[in-house]
């Protein structure tokens, strides 16, 4: 099958730059001179990567693959800031300078030279290309309007979900899941006094209720971190109830740097280092560190993100919201948000929806924050299909659990099933099914 060569939009490129900066500052150790030399080598490699990406997006433009104008405009604004920062030294230089004060060498001077002479020009060349793309771009949000767009989107869905589900089937699954989840939300909303209007209208009203808000500014960020830490302490204590095989839940919570907060998701996780020195973001990831290197590196979106939603579900099942009904409402809205993704992603890329239609769907149907979902929808426009892996994976994990429960009856053991999920590693969903087959075989004969 022929596949369209896709030029990443502003969202993909700007996320990559912020990840490089964050990786160098937060994850790259600088404890001695060899570490500092490795840091400088990474800076140079980054400039080379930018140059290579430039050639790829130029080739894509020649093939008629240009991102939507609204994404290009956002990218150009952000990239001008990045280029100017690189000219002046910027965060990547500052990070090395700060951490090499007690390491003899001209580290900061060398880093500034690489940033100003190699990284900044590479970014400026990309800006020139994006401006050329903007001159011929349209505001059509979906991939289907690009060469081989429909064909590419089918492939993108298969890559993201590791299934052969069609856009229509995924769209329908999202709507069905929303109906199921909103029925549960409706009951809680009525219990807390929100009886009038749609689910989206009532959730929007609840979001403005001072009783359920943290404080603004730094004080509020501190409250949020304290709340999360308390919840993490609770869930760590519950793990023996859900798994036979336990790992070290090596995780930490950090506030985003203030300059990254505008336009960033409300929260997100990052993987830890293989050696365990840098904490990871998901319990399941700790199991992969015990596997061969190729298994640690190989990842499938539907499994990893489906697992993340299943982990949210486990917390609910273990009693996280037994005395916090509004908290459970937030959990349900979070899962429903992922169901909305199925509808919006397929709507944009297979059904001709506009960016504005996607944003309004989240706000009107699920009561989502319009400022947050605007950035979300931009991500879907720039990364066709990726957002569908989450709920498809979650639904498949639950389907496998229901299958195991029905087959084993009284022999079904949740901890053994959950072990099957994590000990099998990050796999396509059809392989996950085979792992469950093996669990059923051994459980039935055991």
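The values are calculated or read from the model by the stated rules, or taken from the named source; none is laboratory data. Source: prediction; values computed, not measured. Neighbour counts run over all protein chains shown; Cβ positions are idealised from the backbone, glycine included.
For the stretch 87-99, the condition holds for at least one residue, the condition being that it is touching a helix residue (DSSP H, G or I) at 6+ places or on another chain (Cβ under 9 Å) and part of a loop (DSSP other than H, G, I, E, B).
For the stretch 284-304, the condition holds for at least one residue, the condition being that it is over 15 Å from the mean Cα position of the chain (by Cα), buried (at least 17 other Cβ atoms within 10 Å of the Cβ) and under 27 Å from residue 178 (Cβ atoms). Number of residues in the stretch 354-375 that are more than 23 Å from residue 183 (Cβ to Cβ) and crowded, with 23+ Cβ neighbours inside 10 Å equals 1. Within the set 121, 67, the sole residue that is under 24 Å from the mean Cα position of the chain (by Cα) and within 22 Å of residue 135 (Cα to Cα) turns out to be 67. All of 215, 222 fail the test of being farther than 20 Å from residue 322 by Cα and surrounded by 12 or more Cβ atoms within 10 Å (Cβ to Cβ), apart from 222.
No other residue among 131, 140, 151 is surrounded by fewer than 16 Cβ atoms within 10 Å (Cβ to Cβ) and within 30 Å of residue 300 (Cα to Cα) apart from 151.
For the stretch 403-413, the condition holds for no residue, the condition being that it is within 28 Å of the chain's Cα centre (by Cα) and either closer than 18 Å to residue 242 by Cβ or assigned to a helix (DSSP H, G or I) (or both). If you filter the stretch 49-59 down to residues that are touching a residue at least 24 places away in the same chain (Cβ under 8 Å) and touching a helix residue (DSSP H, G or I) at 6+ places or on another chain (Cβ under 9 Å), you find that the one that is nearest to residue 126 (Cα to Cα) is 54.
Selection of first residues in the stretch 338-362 that are assigned by TED's automatic domain parsing to the domain that holds residue 168 and free of Cβ contacts under 8 Å to residues at least 24 places away in the same chain and of second residues that are part of a helix (DSSP H, G or I) and surrounded by fewer than 24 Cβ atoms within 10 Å (Cβ to Cβ), restricted to Cβ pairs under 6 Å at least 6 apart or on distinct chains, gives the following pairs, ordered by first then second residue: 359/373; 359/374.
Residues in the stretch 326-342 that are surrounded by fewer than 20 Cβ atoms within 10 Å (Cβ to Cβ), more than 16 Å from the chain's Cα centre (by Cα) and within 18 Å of residue 375 (Cβ to Cβ): there are none. Among the residues of the stretch 100-139, those identified as touching a helix residue (DSSP H, G or I) at 6+ places or on another chain (Cβ under 7 Å), outside any helix (DSSP H, G or I) and on the phi < 0 side of the Ramachandran plot are 100, 103, 137, 138, 139.
Within the stretch 195-212, can you find the residues that are over 25 Å from the mean Cα position of the chain (by Cα) and either more than 13 Å from residue 185 (Cβ to Cβ) or surrounded by fewer than 18 Cβ atoms within 10 Å (Cβ to Cβ) (or both)? 195, 196, 197, 198, 201, 205, 208, 209, 210, 211, 212, listed by residue number. Of all residues in the stretch 165-195, those that are under 24 Å from residue 371 (Cα atoms) and not in a helix (DSSP H, G or I) total 1.
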